[in-house]
């Protein structure tokens with residue numbers, strides 16, 4: 001083997017090392033993205049366990065659909081605060097889904113039906129508030145989220161205990 005042959009072998013090995021390094025980097029980047037997404041889903045799930053959110057959700061969920069500003073004002077500050085709390089929660093989730101931080105299917109499985117339910121309660125109140133406050137962006141991402149979930153026919157999908165009755169743990 002001549003020095004020229006040895007140089008060619010080293011050059012080939014160097015190219016292979018670079019290709020391997022790039023492939024390894026891509027694999028690591030994908031794993032990192034998956035870990036970040038998983039962490040975001042876990043944090044989202046935890047955020048819905050918050051006592052204040054749960055209480056606010058309970059108050060709003062028990063109300064009639066399509067509440068007006070007048071009706072909300074008659075209910076009092078406790079209900080308005082509850083509406084703002086759940087609205088801002090779903091607003092944040094809508095942004096995170098739109099930006100690709102949290103996948104829509106995770107939201108659908110976690111609390112998709114709840115978002116639709118609360119939007120039905122608050123839709124008129126939000127729309128009237130937008131007009132009265134001249135604030136078109138109020139709960140824009142909450143509305144977007146509810147509309148996306150409704151477009152996926154979330155409200156009429158089979159519950160998990162029926163849809164996944166035959167599920168078996170992956171090996």
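The values are calculated or read from the model by the stated rules, or taken from the named source; none is laboratory data. A quick note: this is a predicted structure, and the numbers were derived from the prediction, not measured. Cβ atoms come from the backbone with ideal geometry, glycine included; neighbour counts cover every protein chain shown.
So that you can scan it fast, the table gives a plain yes or no per residue for (1) on the phi > 0 side of the Ramachandran plot; (2) under 25 Å from the mean Cα position of the chain (by Cα); (3) modelled with pLDDT of 95 or more:
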residue: 74; (1), (2), (3): no, no, yes
residue: 78; (1), (2), (3): no, no, yes
residue: 86; (1), (2), (3): no, yes, yes
residue: 89; (1), (2), (3): no, yes, no
residue: 104; (1), (2), (3): no, yes, no
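Residue 44 meets the conditions (1) in contact (Cβ under 8 Å) with a residue 40 or more places away in the chain; (2) over 31 Å from the mean Cα position of the chain (by Cα) in every case but one. The failed one is (2). For residue 60, indicate whether it is within 28 Å of the chain's Cα centre (by Cα), in contact (Cβ under 8 Å) with a residue 60 or more places away in the chain, outside any helix (DSSP H, G or I) and within 30 Å of residue 152 (Cβ to Cβ). The answer is no for residue 60.
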